[in-house]
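Worksheet: one structure, shown below.
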Amino acid sequence: MPKALQEDLKVLATAGLILTDAMIFHEVLANLKTEIETLSQVKAQSNVKKAFEDEWEKILKIDYEPVFELALKILRNLPASPLLNRELRRLLDVAYDIASSHALLKHDLMGRVYHQLLLGKLVKYYATYYTSVPAARLLARLLVTLPSPLKVNEIPPKYGEQPFKAVDFACGSGTLLSALYKELEARHRIKADEPTVGKLHEYMIEEGLWGFDVLQHATHLAMTTLSLHNPSTSVDLSRIYALKLGKFDKKAFLGSPDFFKSPDISPVKLQSGGVGAERVGVSQRREAEGEKVPNFHMGIMNPPFTRSVGGNLLFGDLPSKERKELQKVLSGLLKEEELTGIGQAGLGAVFVHLADKYLNEGGRLGLVLPKTVLAGVSWTKIRELFLEKYHLEYIISSFQGPNDWNFSENTSLSEVLLVARKRYPDENSDYTVFVNLFRKPENEIESVYIGSQLAELYGAVTPADIENANGSPFLVKLHGKKVADVYSARLVEEAFGHYNLFGQAELNRISTLIRGGTLYLPTKGIVGRIPLTTLDSFIDDIGPDRRQVHSAFRQVRYLAQAPFKSLWGHEPDRMRCLEQDPNASLEPKNAKDARNLWTRKGNLVIVDRARLSTYRVLAAFLTHDVLSNVWWPIKTTSSVKCRNYILSADETAKIIVLWINSTLGTLCLLTLSEVTEGPWVAFKKTPLWKLPVLDIRKLSKKQVKELLDIYSQVRNSELQPLPKEFKAPKVRKKIDDKFNEILGLNVDLNTLYGLLSKDPTITGEALEV
């Protein structure tokens with residue numbers, strides 16, 4: 001099917017969903033207001049299209065504009081025909097069945113259908129990755145049940161002494177707000193002496209839950225989803241707003257980021273005719289003039305993550321000129337807010353800062369973010385924000401390979417759920433709980449059960465300290481089977497992705513301790529110390545990135561006599577050995593630029609990204625200096641002064657290559673990785689300077705000679721892909737044994753090999769537990 005036709009069908013499907021949604025709400029209203037005909041009465045008429053138009057016009061006179069105005073516009077734009085009449089009857093039957101079931105009304109059914117429809121253009125351009133319902137409920141469970149001044153036994157619910165308010169600045173179809181609603185209602189039923197669910201519903205819709213988005217049809221679903229949680233209770237207004245994005249009358253609108261400048265919710269910021277077009281009413285219109293975004297006690301959000309790099313289109317499917325203007329406006333806004341430097345992480349980082357701006361001290365954020373937030377260079381400012389102002393309470397990751405590293409429904413990219421409490425000025429941070437799920441909850445009941453177990457661990461996590469060799473992880477079980485490892489750490493370093501790089505807690509303990517030079521094995525405890533330093537002790541430069549290489553050169557067929565040589569690409573079946581010849585030549589696009597870039601060549605290369613399930617070597621020694629498009633070329637120092645000898649640049653490079661491809665060296669390298677999608681990881685230049693490597697300067701001349709000898713023996717030996725190599729190590733074991741001998745480590749690494757051979761981060765597959 002042509003792509004254009006696919007997109008047209010998705011637009012039509014979304015329109016059908018909005019019509020169905022309106023029909024469901026129509027039936028609910030008909031049960032409350034006798035002047036409105038029921039769906040059965042509409043169906044009995046010969047012209048269903050005309051009957052719905054008449055009824056929805058009647059409803060709009062009462063108001064209910066956010067639900068019915070968009071649906072009525074869609075209906076009026078559909079040409080009358082027997083086919084349309086027949087299909088509307090089919091939608092009506094579906095709506096009738098749903099409206100008849102209180103269970104279906106309370107579940108985010110429309111949101112789930114909507115998420116499945118948005119797998120095309122809107123997802124690509126707006127990065128609207130919608131949270132799965134189980135993940136949303138797990139996040140909401142923790143937000144509501146963790147210790148806090150939240151009191152839900154009275155109406156309105158209080159946070160301390162203030163009426164409770166929560167927000168989602170990128171609410172989409174309302175899945176996260178809906179999950180929060182359910183948790184608040186459940187807690188109210190338990191805590192209140194005499195539960196008044198109707199009054200709770202009225203407050204939560206009218207004042208308690210706030211949502212903003214730039215997709216009008218999404219906010220339409222969000223508002224109706226929340227309203228249908230208790231359809232028998234009439235409410236007067238909602239706090240769901242559809243915001244403008246783009247240029248309107250020569251003025252630029254950024255959506256929610258406009259609230260950095262001012263909390264005003266003026267009509268000029270809102271989409272005409274949409275949810276929140278004026279002071280939003282579910283059943284009564286009021287002017288929005290004078291409305292302001294308040295401060296909140298909770299923020300729950302899966303923000304858009306689009307970046308204006310690598311072909312991504314920041315600010316959606318807007319014309320190129322308009323998009324560039326909005327990027328310029330955003331850049332200026334961030335500069336005014338002293339947030340320069342967060343742009344590389346894209347809109348996700350912008351929305352996190354926006355949520356922080358409107359969150360009260362003592363309040364909590366529940367976020368769904370790309371896993372790169374834990375270690376990515378572009379997310380540095382966000383981690384600094386967390387460390388400075390928050391107690392990052394929970395970090396939840398999925399290790400359910402091969403395609404379930406995510407918590408959003410329409411991506412396979414690795415994501416995390418974060419729960420963070422905004423500290424009071426004189427308050428110190430505490431342990432962070434890491435939750436590594438081997439199987440994600442499949443439904444809301446499982447989410448509630450797992451969330452309750454996690455909440456019970458709050459404040460009692462010291463024994464599970466990952467940096468304590470005698471600590472023990474907690475286990476989360478479901479149906480009698482382990483579904484997660486849970487442990488803790490104190491976050492003091494700016495990058496903390498290494499704490500949950502692997503699915504298994506013990507592997508994370510091993511790799512965390514090895515970073516500091518301590519060798520720990522689960523069956524033995526601490527078994528020795530390794531003299532480590534950082535890579536910058538032995539190198540002069542890390543060469544250019546792929547963008548710079550592509551700008552100065554074009555890759556051509558390899559010629560031995562060509563002056564500019566390259567290691568081009570990373571084909572795992574070809575990159576089998578520690579030592580490699582160049583495989584391509586480079587032809588300058590601009591002679592001056594090419595010569596300048598060529599000064600940064602090197603014959604030690606470290607991979608800039610790797611699929612750990614298929615790659616064999618992560619560093620190599622080149623027989624000639626090269627530049628590369630997927631390897632970092634590294635220039636080693638010409639002479640390294642050791643105890644009683646001097647190492648040449650080539651000798652230093654060979655020992656570093658040997659170290660990185662040893663099991664312990666591989667662990668050190670992986671602790672610097674940015675996880676993109678399960679075993680698909682990246683290594684950025686800035687962290688590489690501080691890569692932990694063996695301190696060669698502390699070795700004797702004899703020990704160095706032995707390492708160079710073992711390099712000569714294995715340099716052309718074929719290594720297997722990492723999972724196979726760890727399952728039955730041969731070449732790697734030979735390297736490991738030599739390092740163990742030289743360092744005086746009388747240890748058996750078979751336990752470590754076994755853990756690595758089955759970990760999802762290495763294999764890309766689910767862990768058998």
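The values are calculated or read from the model by the stated rules, or taken from the named source; none is laboratory data. Treat the numbers as computed from the prediction; the structure is a model and nothing was measured. Neighbour counts are summed over all protein chains in view; Cβ atoms, including those assigned to glycine, are modelled from backbone coordinates with ideal geometry. With ligands, DNA and RNA removed, areas are computed over all heavy atoms of the protein, side chains included. Shrake-Rupley method; radii C 1.70, N 1.55, O 1.52, S 1.80 Å.
How would you order 413-419, 537-543 from highest to lowest mean count of nearby Cβ atoms within 10 Å?
413-419, 537-543
Asn31 to Lys328: extension gain in nm, 0.36 nm per residue of separation minus the Cα-Cα distance? Let's see the in-between values first.
Details: separation 297, 0.36 × 297 = 106.92 nm, distance 5.08 nm.
That works out to 101.8 nm of additional length.
For the chain, give the magnitude of the charge dipole about the Cα centre (Cβ charges: +1 Lys/Arg, -1 Asp/Glu; no others), in debye to the nearest 20. Before the final figure, lay out each step's value.
On the way: 99 positive and 91 negative charges, 530 e Å.
Approximately 2540 debye in magnitude.
Ranked highest first by the average count of other Cβ atoms within 10 Å around their residues, in what order do 265-272, 79-86, 349-356 fall? Write out the running numbers ahead of the final one.
Details: 265-272: 17.6, 79-86: 10.4, 349-356: 23.6.
Going from most to least packed, we get 349-356, 265-272, 79-86.
Using R₀ = 25 Å, calculate the FRET efficiency as 1/(1 + (r/R₀)^6) where r is the Cβ-Cβ separation of Ser700 and Thr623; round to 0.05.
0.35
Could you please state how large a percent of the accessible area of the chain is carbon and sulfur, counting protein chains only and using a 1.4 Å probe?
49 percent
What full-extension length gain, to one decimal in nm, is calculated for Glu194 and Val11 as 0.36 nm per residue of separation minus the Cα-Cα distance?
Values: separation 183, 0.36 × 183 = 65.88 nm, distance 4.59 nm.
Taking Glu194 through Val11 to full extension adds about 61.3 nm, to one decimal.
Would you mind checking which residues have amide H under 5 Å from Gly362's amide H? H placed 1.01 Å from N; only 5 or more apart, or other chain.
When sequence neighbours closer than 5 places are left aside, the close amide H contacts are Lys422, Arg423, Tyr424.
Over 26 Å between Cα atoms, which of Lys328/Lys690; Lys165/Lys251; Lys524/Lys690; Lys371/Lys482 qualify? Display every interim value, and only then the final one.
Details: Lys328/Lys690 34 Å; Lys165/Lys251 31 Å; Lys524/Lys690 29 Å; Lys371/Lys482 23 Å.
With Cα atoms farther than 26 Å apart: Lys328/Lys690; Lys165/Lys251; Lys524/Lys690.
Does the chain come out rounded, prolate or oblate, given a ≥ b ≥ c as the square roots of the eigenvalues of its C-alpha gyration tensor, rounded meaning a/c under 1.5 and, failing that, prolate meaning a/b above b/c?
Since a/c reaches 1.5 and a/b is larger than b/c, the shape of the chain is classed as prolate.
Just from the alpha-carbon atoms, what are the Rg and Dmax of the stretch 141-222 in angstroms?
For the stretch 141-222, the Cα-based Rg and Dmax read 12.9, 40 Å.
Please give me, ordered by residue number, the GluC sites (Glu not before Pro) of the stretch 183-279 that lie in loop per DSSP and have at most 16 other Cβ atoms within 10 Å.
Sparse-neighbourhood loop GluC sites (Glu not before Pro): Glu278.
Would you be so kind as to identify which of Gly366, Ser628, Leu521 lies farthest towards the positive end of the dipole of the chain, taking Lys and Arg as +1 and Asp and Glu as -1 on Cβ and the Cα centre as origin?
Value computed over the given set: Ser628.
Residues of the stretch 339-455: accessible area per residue at 1.4 Å, in Å²? Mind dumping the intermediate values first?
Values: 3440 Å² over 117 residues.
So the stretch 339-455 comes to 29 Å² accessible per residue, rounded to a whole number.
Could I have the simple spin-label model distance between Arg574 and Lys589, label points 7 Å from Cα toward Cβ, reported in nm to one decimal?
Output for this residue pair reads 2.2 nm.
Starting from the amide H of Ile240, placed 1.01 Å from N in the peptide plane, find each other amide H under 5 Å away whose residue is 5 or more places distant or on another chain.
Those qualifying (amide H under 5 Å, at least 5 residues apart or on another chain) are Gly211.
I'd like the accessible area for Ser673, computed on protein heavy atoms only with a 1.4 Å probe and all protein chains in place. Round to 10 Å², please.
Estimated to the nearest 10 Å², Ser673 gives 10 Å².
For Tyr449, Tyr645, Tyr181, what's the largest-to-smallest order of accessible area, 1.4 Å probe?
The most accessible residue leads, giving Tyr449, Tyr645, Tyr181.
Can you find, among Ile205, Ile342, Pro263, the residue farthest towards the positive end of the dipole of the chain? Put +1 on the C-beta of Lys and Arg, -1 on that of Asp and Glu.
After comparing all options, I get Ile342.
Give, rounded to the nearest 20 debye, the magnitude of the charge dipole that the stretch 543-585 has about its Cα centre when Lys and Arg contribute +1 at Cβ and Asp and Glu contribute -1 at Cβ.
200 debye
Kirkwood Rh, Cα Rg: Rg to Rh for the stretch 436-529?
1.01
Among Ala170, Trp598, Ile656, whose Cα projects farthest towards the positive end of the dipole of the chain, with charges put on the beta-carbon of Lys, Arg (+1) and Asp, Glu (-1)?
The residue sitting farthest along the positive end of the dipole is Trp598.
Over the heavy atoms of Arg529, what accessible area does a 1.4 Å probe trace out, to the nearest 10 Å²?
For Arg529, solvent-accessible area is about 140 Å².
Which of rounded, prolate, oblate describes the stretch 617-769, given a ≥ b ≥ c as roots of the alpha-carbon gyration tensor eigenvalues and a/c under 1.5 marking rounded, otherwise prolate only if a/b is larger than b/c? Provide the component values of the computation, followed by the final result.
Values: a/c = 1.93, a/b = 1.33, b/c = 1.45.
Here the stretch 617-769 falls in the oblate category.
Which distance in nm do the two modelled labels at Val527 and Ser717 give, with both placed 7 Å along the Cα-to-Cβ direction?
The modelled label-to-label distance comes out at 1.9 nm.
Compute, for the stretch 622-769, the length of the dipole vector about the Cα centre, with Cβ point charges of +1 (Lys, Arg) and -1 (Asp, Glu) only. Units Debye, rounded to 20.
Dipole magnitude for the stretch 622-769 comes out near 620 debye.
So for Thr34, Thr219, what's the accessible-area order with a 1.4 Å probe, most first?
Numbers: Thr34 135, Thr219 0 Å².
So the residues, ranked largest to smallest area, are Thr34, Thr219.
Report, largest value first, the span of the C-alpha coordinates of the stretch 711-769 along each principal axis, in whole Å.
Here the Cα extents, ordered largest to smallest, are 36, 27, 14 Å.
Subtracting the Cα-Cα distance from 0.36 nm times the residue separation, let me have the gained length for Lys251 to Asn85 in nm, one decimal.
Between Lys251 and Asn85, full extension yields 55.6 nm more.
What FRET efficiency do you get for Ser320 and Gln344 if R0 is 22 Å and r is their Cβ-Cβ distance, rounded to the nearest 0.05? Walk me through the intermediate numbers first.
Details: r = 21 Å, r/R0 = 0.94.
Working from the Cβ atoms, E equals 0.60.
Sorted by accessible area (1.4 Å probe), largest first, how do Lys654, Lys524 line up?
These residues rank, largest area first, as Lys524, Lys654.
Tell me the per residue accessible area of the stretch 45-94 using a 1.4 Å probe; a whole number in Å² is fine.
51 Å²
With every protein chain kept in place and ligands, DNA and RNA left out, what is the accessible area per residue of the stretch 577-713? Probe 1.4 Å, answer in Å².
35 Å²
By its C-alpha gyration tensor, with a ≥ b ≥ c as the square roots of the eigenvalues, how is the stretch 551-687 shaped: rounded for a/c under 1.5, else prolate for a/b larger than b/c, else oblate? Let's see the in-between values first.
On the way: a/c = 1.73, a/b = 1.15, b/c = 1.51.
Cα axes put the stretch 551-687 in the oblate bin.
Heavy-atom accessible area of Arg323 with all protein chains present, probe 1.4 Å, nearest 10 Å²?
Ignoring ligands and nucleic acids, Arg323 comes out at about 40 Å².
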